[in-house]
């Protein structure tokens, strides 16, 4: 069983708190997704976009005891598993699709998941099907 949770949409519709722990105890795979710009709060004159980074941050706000590592896993590995793409998507491994984004990072390796969770702004590079959609720049 798989459930895809869209935290910003869930909040927009004032649903009861998402039963993440109950689903996890029942063995349900919970992934993260985005839903619709029509169901995302925005301030006046604020632009919004579908963003898995924003969904991860919304989940972190709603579930402060959840680790950044677990949240990133929900957005990558768990999402791929929910789509039936385990081993092909959501991870960097031999035989998986060559789809990825690279983020700027200059911290300690122990902080990598927090860095992904709190990333705002553009990605440094993006690869789709093994080809650079946004090529990395050399500095």
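Structure notes:
- Exposure proxy order (Cβ contacts within 10 Å, fewest to most) of 127, 1, 56: 1, 127, 56
- Estimated inter-spin distance, residue 85 and residue 118, nm [label 7 Å along Cα→Cβ]: 2.9 nm
- Additional length obtainable on full extension of the chain from residue 69 to residue 14, 0.36 nm per residue less Cα span: 17.1 nm
- Percent antiparallel among DSSP beta bridges (both partners in the chain, rounded to 5): 55 percent
- Distance cut-off 22 Å, percentage of C-alpha pairs in the chain lying past it: 44 percent
- Shown for 65, 36, 51, 115: other C-beta atoms within 10 Å of each C-beta, ranked fewest to most, produce the order 65, 36, 51, 115.
- One Cα centroid belongs to the stretch 9-28, the other to the stretch 103-139; the line between them spans 29 Å.
- From its DSSP helices (H runs of at least four residues, each -39,500 (n - 2.57)), the chain gives a residue-normalised ellipticity at 222 nm of -8000 deg cm²/dmol.
Bear in mind that the values in this text are calculations on the coordinates, not laboratory data. All values reported here derive from a predicted model rather than from experimental measurement. Here the Cβ is made from the backbone with ideal geometry for all residues, glycine too, and neighbour counts use every protein chain on show.
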